[in-house]
């Protein structure tokens with residue numbers, strides 16, 4: 001009764017409100033899109049227009065991508081260390097959001113030019129490293145507090161909102177960079193992540209917790225019961241959950257997902273601004289529009305579609321159509337100067353890529369233990385994000401060596417390998433994954449979320 005009174009009196013308790021849980025995912029994933037849109041689209045286009053070469057652009061993209069590949073370390077840290085009076089995840093989320101804002105403002109003050117590869121790479125690495133901590137914190141928070149019937153919907157919101165954030169930052173950043181230059185663009189882009197950080201300070205995970213370190217509240221008993229206070233149990237439980245064959249089967253599928261993205265981010269600024277003759281704002285506006293379209297589809301129907309036809313069927317549809325599209329793009333070099341085709345290709349691929357990732361998220365969530373959710377889910381996501389720098393590296397030895405069509409062929413091959421695994425690996429259906437994969441491991445039962 002006491003905990004009910006505390007929650008009722010203070011409000012904004014995530015475990016008490018489904019709309020608040022979904023809103024929190026939406027806002028923080030929207031914020032994640034800002035560093036991604038900036039360093040993977042708007043900034044590379046600005047660099048290309050201002051004289052940077054493809055290898056220089058690829059270096060910045062690869063540096064911004066690297067933290068996403070290394071974020072499995074974040075999961076171990078977030079599971080092992082936290083400030084429980086504020087919840088298991090929220091202190092990490094707030095601090096990471098603060099680093100994103102600070103990185104943008106530092107870039108605005110230093111005002112590097114387009115060939116300042118080291119400084120731009122450092123800013124890209126720092127802000128995206130912060131995003132990965134925020135990403136891991138939000139993902140593991142979703143695993144902690146969301147019941148099974150919310151997870152497919154949550155997956156659609158996660159990536160739909162992220163794409164909306166990418167759309168907003170790409171379009172706004174491209175326009176600001178073109179008309180006002182880099183410092184003004186970075187300063188303006190810092191405003192929305194700052195506002196979302198303040199929202200994170202206002203909510204709480206569970207009844208009776210503190211909003212901020214200096215306010216009243218205490219650690220929730222459930223969090224105290226499952227918090228891992230030593231490295232060896234954390235490592236042991238995580239390893240046991242990951243080496244089960246069914247969990248290993250998803251690794252290459254996750255890895256292949258982002259290979260085309262890394263390749264596009266390195267080569268497409270050159271394709272659009274130099275080969276096709278687009279202006280920087282035209283390219284960034286297309287990326288923004290495509291992200292907006294696919295993001296809205298993810299928010300509205302992405303989770304519903306995966307629920308309706310199943311994760312496996314969704315993966316097969318997304319990956320199979322993507323292979324056809326990538327292969328055609330490789331052969332259709334005569335169309336690379338046609339605006340209608342470039343626009344069609346970007347929008348179609350973004351929609352298919354969104355279906356691909358939304359289909360994999362519920363599977364990964366079902367395989368996670370609450371006690372090590374940050375570590376386990378992060379390892380799954382790191383497997384996927386490692387494809388991004390691989391794609392950027394692939395762009396260097398295909399497009400960079402004068403054979404850009406092979407960038408698309410190699411991307412299609414990566415997705416074809418994933419499709420074969422989807423055909424032969426049978427992932428558990430809803431409600432059975434935890435029993436099949438983590439039976440007997442510590443924390444397998446978790447803590448049931450409180451629903452409206």
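The values are calculated or read from the model by the stated rules, or taken from the named source; none is laboratory data. Just so you know, these numbers come straight off a predicted model, no measurement behind them. Here the Cβ positions follow ideal geometry from the backbone for every residue, glycine too, while neighbour counts run over all protein chains shown.
Residue 144 falls short on exactly one of the conditions (1) modelled with pLDDT of 85 or more; (2) surrounded by 24 or more Cβ atoms within 10 Å (Cβ to Cβ); (3) over 23 Å from residue 350 (Cα atoms), and that condition is (1). When the criteria are applied in full, residue 344 meets the requirement of being under 26 Å from residue 416 (Cβ atoms) and assigned to a helix (DSSP H, G or I). Among the residues of this structure, residue 405 counts as one that is surrounded by fewer than 16 Cβ atoms within 10 Å (Cβ to Cβ) and either in contact with a strand residue (DSSP E or B) (Cβ under 6 Å, 6 or more places away or on another chain) or at pLDDT 80 or above (or both). Of all residues in segment 19-51, those being over 16 Å from residue 162 (Cα atoms) and surrounded by fewer than 24 Cβ atoms within 10 Å (Cβ to Cβ) number 6. For segment 313-338, the set of residues classified as under 26 Å from residue 25 (Cα atoms) and buried (at least 17 other Cβ atoms within 10 Å of the Cβ) consists of 314, 315, 318, 319, listed by residue number.
Among the residues of segment 109-152, write down those that are within 23 Å of residue 45 (Cβ to Cβ) and outside any helix (DSSP H, G or I). If the condition is that a residue be within 23 Å of residue 45 (Cβ to Cβ) and outside any helix (DSSP H, G or I), then 111, 112, 113, 114, 115, 116 are the ones that fit. When residue 293 is tested against (1) farther than 25 Å from residue 165 by Cβ; (2) modelled with pLDDT of 80 or more, exactly one condition is not met: (1). Does segment 270-309 hold any residues that are surrounded by 17 or more Cβ atoms within 10 Å (Cβ to Cβ) and not in a helix (DSSP H, G or I), and which are they? Selection gives 276, 278. Is there a residue in segment 160-167 that is at pLDDT 85 or above, buried (at least 23 other Cβ atoms within 10 Å of the Cβ) and within 27 Å of residue 87 (Cα to Cα)? Within segment 160-167, one or more residues are at pLDDT 85 or above, buried (at least 23 other Cβ atoms within 10 Å of the Cβ) and within 27 Å of residue 87 (Cα to Cα).
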